[in-house]
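The values are calculated or read from the model by the stated rules, or taken from the named source; none is laboratory data. On a predicted model such as this, the values are computed, not experimentally measured, just so you know. Every residue, glycine among them, receives a Cβ derived from its backbone with ideal geometry; neighbour counts consider all protein chains shown. Each accessible area value is taken on the protein alone, full model and side chains, heavy atoms only, with ligands, DNA and RNA left out. Shrake-Rupley method; radii C 1.70, N 1.55, O 1.52, S 1.80 Å.
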Amino acid sequence: IASEAERLSRLVKNLLDMTRFQSGSVTLKRELCPLEDIVVAALDRCKKLLTGRPVNIHIPETVAPLHADELLLTQVLINLIENAVKYTPPGSPLSIEAEEGKGRLRLDVRDTGPGIPEGEATRIFEKFYRAGSRSSSRPTKGAGLGLAICKAIVEAHGGTIEALNNPDGGATFRIDLPAGAAA
């Protein structure tokens, strides 16, 4: 009962968030925030989900703080981590990697699951769209709003998000944002 109530609460929150973004009523609360703080906050919120999964993090010390809404970017990472867990086998590793250059910050969330079905890499960011089950071992739940919300948040920050299949299997969700000084 608690699990289903939590799922329903997330669904309602996602619907409200999507409505706010579509209406243009979201005002970013930008401040300088270290990327490490965003990653740690997201991992902390996903601690229970990540039990038994190795998570590799690579954020160079030279990455400048972002001029961003820390809570919203944390939500993006939470959504990406939840999706990675949902679509990959239990115990499979995840990685979060950052790289800064030419006034931009690239943040990758990688998994080692089955990847994104062919032809669905852009469609998965549409509202209410759910890709075909990438993992036959577990059915997935969801309303198809998480990635649409990620896209809205990233674009509100002047960035882009894309989904890529890794050459050696799995998927990478790549976020490209203005670097701290450029923002």
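Okay, here's what the table says:
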read-out	value
Inter-residue pairs, beta-carbon under 7 Å, first on the phi > 0 side of the Ramachandran plot and in the stretch 101-114, second open to solvent by 40 Å² or more (accessible area, probe 1.4 Å) and modelled with pLDDT under 95, 6+ apart	G103/A182
Matching strands (runs of 3 or more DSSP E) fully within the stretch 24-121 where at least 3 residues are open to solvent by 40 Å² or more (accessible area, probe 1.4 Å)	55-58, 94-101, 104-111
Residues of the stretch 157-171 classified as open to solvent by 50 Å² or more (accessible area, probe 1.4 Å) and closer than 24 Å to P89 by Cβ, total	5
Tabulated pairs, the stretch 54-69, first over 14 Å from R110 (Cα atoms), second open to solvent by 70 Å² or more (accessible area, probe 1.4 Å) and of a type in the set (V, I, T), C-beta under 9 angstrom, 6+ apart or interchain	D69/T27
Cβ-Cβ under 9 Å pairs, at least 6 apart or on other chains, the stretch 74-98 side at positive phi, far side outside any strand (DSSP E or B)	G91/G52; G91/R53; G91/P54
Residue in the stretch 73-94 that is touching a Phe, Trp or Tyr at 6+ places or on another chain (Cβ under 7 Å) and modelled with pLDDT of 90 or more present	yes
